[in-house]
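Below: the structure, in structure tokens.
The values are calculated or read from the model by the stated rules, or taken from the named source; none is laboratory data. These numbers were taken from a predicted model, which means no experiment stands behind them. What goes into the accessible areas is simple: the full protein's heavy atoms, side chains included, and nothing from ligands, DNA or RNA. Shrake-Rupley method; radii C 1.70, N 1.55, O 1.52, S 1.80 Å.
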Amino acid sequence: MTGLRIRPMTADDGDEVASMRVRGWRHAYRGLMPQAYLDGMDVAAEAERQRARLAAGDGSVVNLVAEAEDGTLAGWAAYGPYRDGEVRTGDGELYALYLPPERIGQGVGRTLLTEVTTRCTVAGHPRMLLWVLKENARARRFYEAAGFTPDGTEEPFEVAGATVPEVRYVRALTD
């Protein structure tokens with residue numbers, strides 16, 4: 001998609017990012033997570049969480065938004081050091097990448113992922129990791145097309161009493 005501007009997220013973006021995240025979850029995770037949980041997601045509460053995270057951040061987590069030519073947000077990504085339990089490692093991690101459902105397939109996700117990968121490379125991270133729901137075939141294809149591969153690590157993700165397995169993907173950033 002042409003005309004995208006990637007920039008740091010601000011507190012003023014909280015409402016749009018929250019809406020994007022909630023709509024993204026409802027779209028991408030339908031049938032993969034309890035529907036009652038997805039239906040109960042609250043945009044206003046998520047917006048408050050987004051603003052609170054930004055305000056309390058120590059700079060280690062970077063939130064980026066893709067702004068379309070009309071000024072609306074077309075995507076959001078968050079990344080930082082890889083979290084191995086409570087320990088942060090030297091690797092980078094993509095924590096989140098969400099688009100409004102109507103923006104899927106327009107190159108926004110690819111543009112954001114490329115920006116995050118470039119920034120992690122410049123920061124000296126030898127690898128970039130991410131977690132994706134095991135049954136989310138569309139997301140897995142997207143990350144695989146970008147050079148990420150599953151490394152065989154799986155973890156359960158607990159959502160409203162249901163266990164949803166996640167798989168870890170990795171991509172080398174330096175030779």
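What to note about this one:
- Here the chain was treated as a single set of alpha-carbon atoms; its pair distances binned every 10 Å from 0 give 10, 36, 42, 12, 0 percent.
- Estimated translational D of the range 1-101 in µm²/s (Stokes, Kirkwood radius over Cα pairs; 37 °C; 0.692 mPa s): 226 µm²/s
- Nearest-10 value in Å² for the accessible area of residue 121, using the 1.4 Å probe: 50 Å²
- Per the Debye formula on identical point scatterers at the alpha carbon atoms of the range 106-163, with no solvent, log10 I(q)/I(0) at q = 0.26 Å⁻¹ is -1.16.
- For the chain, share of DSSP beta bridges that run antiparallel, in % to the nearest 5: 90 percent
- Mean projected area in nm² (Cα convex hull; one quarter of hull surface) for the range 9-54: 3.1 nm²
- Taking every protein chain into account, the accessible area of the chain amounts to 52 square angstrom per residue (probe 1.4 Å).
- Stokes-Einstein D in µm²/s, Kirkwood radius over Cα pairs - the range 78-147 at 25 °C with 0.890 mPa s viscosity: 190 µm²/s
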